[in-house]
Structures are given as structure tokens and as C-alpha cells.
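Read the structure below first, then the notes.
The values are calculated or read from the model by the stated rules, or taken from the named source; none is laboratory data. All values derive from a computational prediction rather than experimental measurement. So basically every Cβ, Gly included, is an ideal-geometry build from the backbone, and we count neighbours across all protein chains shown. Each accessible area value is taken on the protein alone, full model and side chains, heavy atoms only, with ligands, DNA and RNA left out. Shrake-Rupley method; radii C 1.70, N 1.55, O 1.52, S 1.80 Å.
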Amino acid sequence: MSGEIEIGRSKRARQAYSFEDIALVPSRRTRDVRDVRVGWQLDAYHVDLPVMAAPMDSAMGPRTAIAVGSLGGIGTLDLEGLWTRYADPADAYARIRSAAPEEATRVLQDVYSRRVDHALIAERVAGLRASGAVVAGRLSPNHALEHWRAVVEAGVDLLIIRGSTVSAEHVSGTKEPLNLKRFIYELDVPVVVGGVSTYTAALHLMRTGAAGVLVGQGGGASSSIRQVLGLHMPMATAVADVAAARRDYMDESGGRYVHVIADGGVGNSGDVVKAIACGADAVMLGAALARAAEAPGDGYHWGSEAYHDRLPRGYRTHVGTVGTLEEILNGPSDRADGTLNIMGALRRTLAATGYGDVKELQRAQIVVAPYMPSVTDPTRDMPRRSKTDRL
């Protein structure tokens, strides 16, 4: 157990760690980088890269979701996002990108006030399915009961139930809450659900029959949940706690394995490596992919938290453009900040630590070594890449 510290006579707090607080240690063995493997298996689907694209409109449209699939990951489309509210969301994207900083939240709220169209859900899923990629779509916990039938009938391969905080024991005195265990049991498709950040909450989600759990509160670089709600759990500790829940659930269930996917705080290749070393099977990338030349946000990034109609808990933020999707995931790279060739960096770490695949990397030795970036950032003066494809 992590040590506790006293923050006052009546309250003690647990020490927790972010990815920036830890580092991996090379082992006694090294390995040829050409001999390592980074693929993983999610339910019936073998995936070449341990990457799921975050279902955020700034990073993922139908074309970019297909592109991520062709590069070896899983592209996830937000089925309550712009692409299922507008037949052509180009004008909506333009409004969001051009909004002044002080007006951005209000513009987001207005743009997302249009209702989700089930016919557009069917159209988007059909387009993804025609590409041959694994079709993954996201619904929010609040609206899953409203839209799930249209999503499943459209033919998704994976259903992602993603929110800032998702539990298996939601209590409501005004409406029937989503019963995750019954919901998942009655579906014919595997379900990945989250976010979750504690051992107990993760264990309860695993007992619902979920194929995977998302660790974190989503949003990442665009989230203000800590400022607005006071909620936060550093990701290194969160992933390690949920990995412990997976281990104990395997014993409890007689060997059923639930995948752990780090979602939030994974901004560069070093964070990907640390997330896996803490126990994750894969990572969900948002801001990292919003920096792609093909991303529909054109260098801007926002999540579903940013346009809540009564209490926004996120921002539209500018993350810039660093390269194409292929360069971000598979290289090559001309930057030394971990934003390009993320999978190449993962392979190098596997080689340097002597492990053959991502599952073995979960055994890597970790040290607590807080990192403070240098004030001088040599990438600050690097030119911005031109955008090749807006939508």
C-alpha cells in the first residue's frame, strides 16, 4: 500500500503518482528491437498496436478513425458527436476553430445543442464497416439507453461507454439508471467502459462483464475536472490500482481477463511506456492524435466535458500540429519530445528493458523519480506542419 501523510489532525491522504513522477529502469537483458512485439488482443480482435483513439471530435472523424485502423490501432468514433448531429459538420468545425478563446465554450454548447440523429449513426457505422477496420463507437453513460439499439443494429464491433466517472452502482431518485451488468449481458458485442480510477470501482465494473475498463477521467489536456469538481487521481497510481483489481478479478472469476486501457494523461511516447509498465494493456490517445495533420480539429482539441449545457468541465485548447497520423504512431520522427513515432519509442523501450512484448513490459522495474522539464524547449521554434486534409 502507498504511504499516507497527515494533511491535518482530522484527515490523512494517500500518496499517489503521475506518469511524470515515475520512470522505468533497464534490466540485465537487452533485446534486438526487431524481435519485439507490440500487438494485443481485445476480445475476438487482434490489434497490431496497443492504441485506441479517443472518441473526441477534435481527433476522430470517420476518415481518421479508418486511418488509425489501417495503421494498426482501433479508431473510435463518438456516436454522440458532431458526425451524428450533422450530415456535414464542416461549418460546425469551422465555428469551433475560429471562436475567440473567451467565446469558445459558448460556441461549443451551441454547436452541440443539435440532437443526435439515429440515421446518421447508421450511416457513419456503415462507412466504418465498409473500410474493413474494427468498428468502435462511443456512447455516454447518460444516453446509452437512448441510443444503444441504433448503434448495435448499425453493426459496431466494440461499444465504448465512456464518461468522466463511471460506476457500476449509479443511484438516481429521478430516473432509472443504466444497469451496466444487465446492459452488457444483453448485448451481442463486447463493451469497454470507464473512466474509473480506483481499485474498488474497477473491480465492480469488471463484475458487470465488461471486456475492458478505461482508467482515468478522459479529457486529458482539455479537461478542467480538477478545477471545477475537485476530482483527480494521478494516472500511474490509478493504472496500477486497476491492474491489481484485474489480477484479483481473475482469481475471483476463475481466469476471466479484463483489459485495462489508460485513458488520460497519455500525451507522449514516454507516457505510453509508463502506462503499460504500470499494468495497462493499451492506451487511449486523444491529444496525441489531435496533433495529426489529418485531425478534423486542425490543431484544436476538446472533449465532451467542454460542452455540457450547464456545467462545462473542459476547454477548447490548442495543441498544434506535429505530423501525420502515420508519423505520430509509426514514424519517422524529426522531433525529440515524444510526440512522433510513439510505437517506435515503445519498441525501443522493450528492447532496452529486455522484454519481448507489451504484456511482459508490465513486469518492468519502476522508480519514483519526479521529472521537471527544462525551461528551454528546443521544439518551441519548430515550424508548424501544414494541414493536408481538413475533414
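Grab the Cα-Cα distance for residue 63 and residue 145, subtract it from 0.36 nm times how many residues apart they are, and report the gain in nm with one decimal. Mind showing how you got there, number by number?
Details: separation 82, 0.36 × 82 = 29.52 nm, distance 2.70 nm.
Extra length from residue 63 to residue 145 when fully extended: 26.8 nm.
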Worksheet item: So which aspartates and glutamates can residue 181 reach, going by Cα to Cα under 14 Å and dropping same-chain residues fewer than 8 places off?
Response: 169
Worksheet item: Among (i) 20.1, 62; (ii) 22.5, 82; (iii) 22.0, 71, which is the computed Rg and Dmax of the Cα atoms in Å?
Response: (i)
Item to complete: Under a 10 Å cutoff between Cα atoms, tell me which one of 196, 47, 260 has the largest fluctuation in the Gaussian network model of the chain.
Response: 47
Fill in: Antiparallel %, DSSP beta bridges [both residues in the chain], to 5
35
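Cα gyration tensor of region 170-297, axes a ≥ b ≥ c as square roots of the eigenvalues: rounded (a/c below 1.5), prolate (a/b > b/c) or oblate? Don't skip to the answer; put the middle values down first.
On the way: a/c = 1.62, a/b = 1.31, b/c = 1.23.
Verdict is prolate for region 170-297.
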Worksheet, complete the sentence: Highest GNM mean-square fluctuation among 318, 308, 143, for the chain with Cα springs under 10 Å, belongs to 143
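Could you check how much of the accessible area of the chain is carbon and sulfur, as a whole percent, using a 1.4 Å probe? Each step should come with its number before you reach the end.
Values: 8750 of 17990 Å².
Summing carbon and sulfur atoms, their accessible area is 49 percent of the total for the chain.
Quick one: accessible area per residue over the chain, 1.4 Å probe, rounded to a whole number of Å²?
Details: 17990 Å² over 391 residues.
Spelled out: the 1.4 Å probe surface of the chain, per residue, equals 46 Å².
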Fill in: Within region 225-242, backbone nitrogen closer than 15 Å to the virtual label 7 Å beyond the Cα of residue 5 toward Cβ
234
Practice prompt. Under a 10 Å cutoff between Cα atoms, tell me which one of 112, 307, 371 has the largest fluctuation in the Gaussian network model of the chain.
Written response: 371
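Could you work out the helix-only [θ] at 222 nm for the chain, with each DSSP H run of four or more residues adding -39,500 (n - 2.57) and the total divided by the number of residues, to the nearest 500 deg cm²/dmol? Present the calculation step by step, with values, prior to reporting the outcome.
Numbers: 14 runs with 124 residues, N = 391.
Estimated from H runs of four or more residues: -9000 deg cm²/dmol.
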Worksheet item: With each label point set 7 Å from Cα along the Cα-Cβ vector, what nm distance links residue 368 and residue 30?
Response: 3.0
Practice prompt. Check each of the trypsin sites (Lys or Arg not before Pro) in region 278-321 and keep only those in coil by DSSP with at most 13 other C-beta atoms within 10 angstrom; list them in order.
Written response: 310
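Multiply the residue separation of residue 181 and residue 86 by 0.36 nm, subtract the distance between their alpha-carbon atoms, and state the gained length in nm to one decimal. It would help to have the intermediate numbers written out before the result.
Values: separation 95, 0.36 × 95 = 34.20 nm, distance 3.23 nm.
The span from residue 181 to residue 86 would gain 31.0 nm if fully extended.
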Worksheet item: Label residue 174 and residue 359 with points 7 Å out from Cα along Cα→Cβ: what is the distance between them in nm?
Response: 4.6
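Just check region 1-143 against the gyration tensor rule for me: Cα atoms, a ≥ b ≥ c as the square roots of the eigenvalues, rounded for a/c under 1.5, and otherwise prolate or oblate depending on whether a/b exceeds b/c. Show your work: numbers first, answer last.
Values: a/c = 2.35, a/b = 1.26, b/c = 1.85.
In terms of gyration-tensor shape, oblate.
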Worksheet item: Nearest 20 debye, what's the magnitude of the dipole of the chain about its Cα centre given +1 on Lys and Arg Cβ and -1 on Asp and Glu Cβ?
Response: 520
Worksheet item: Each label point is 7 Å from the Cα along the Cα-to-Cβ direction; what then is the distance between the points at residue 200 and residue 244, in nm?
Response: 1.3
